[in-house]
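Down below is the structure, laid out as structure tokens.
The values are calculated or read from the model by the stated rules, or taken from the named source; none is laboratory data. Quick caveat, the model's predicted, so the values are computed rather than measured. FYI the Cβ positions are ideal-geometry reconstructions off the backbone, even for glycines, and counts take in every protein chain you see.
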Amino acid sequence: MSVLVGIVMGSESDMPVMEQAGLVLDRFGVGFEIEAMSAHRKPARVAEYASNAADRGLKVVIAGAGLAAHLPGVVAAHTPLPVIGVPLLNDALGGADALYSCVQMPPGVPVATVAIGGAKNAAVLATQILATADDALAQKLRDYKKELAEGLKL
């Protein structure tokens, strides 16, 4: 299975939320990689990762971050790929700061943003993006939507 989605987060402590995205991608048969990297403590690593993501075959990046939540924006600044931001809950401001950091990007550097802690939806959105060029994946999404309508959970 080709790795098509990169999942990054600012800290290992974010893993319990962000690995939920991986579970959803597994459900759809979408290959992914997952790694913690801080926009503040390892900015060169983030720039390298994002700059090379498309060349390595990634098609979408999901970036989760709490507190100042700069990781999604920094990733978006360094890649032409779609970036989906997952603002993470924190004790200081309940994740509102992370949400604002993800959605208030300057023109030309978009970050699609899901709800606070919405890693599962980020994975569904990444799958929908990929499915625009993959009929089999599109069918899996249609089946999934049918399951949702029937009251089954993800």
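Some points to look at:
- Among the residues making up region 63-87, those that are hydrophobic (A, V, I, L, M, F, W, C), assigned to a loop (DSSP other than H, G, I, E, B) and surrounded by fewer than 24 Cβ atoms within 10 Å (Cβ to Cβ) are 67, 68, 81.
- One residue from 99, 125, 88, 148 being in contact with a helix residue (DSSP H, G or I) (Cβ under 9 Å, 6 or more places away or on another chain) and either on the phi < 0 side of the Ramachandran plot or not charged (D, E, K, R) (or both): 88
- Residue in region 93-147 that is surrounded by the most Cβ atoms within 10 Å (Cβ to Cβ), counting only those that are polar (S, T, N, Q) and within 15 Å of residue 26 (Cα to Cα): 127
- Cross-chain or 6+ apart pairs with Cβ under 7 Å, region 86-100 first and modelled with pLDDT under 90, then in a helix (DSSP H, G or I) and crowded, with 16+ Cβ neighbours inside 10 Å: 90/98
- Check on residue 115, in contact with an Asp or Glu (Cβ under 9 Å, 6 or more places away or on another chain) and under 22 Å from residue 15 (Cβ atoms): no
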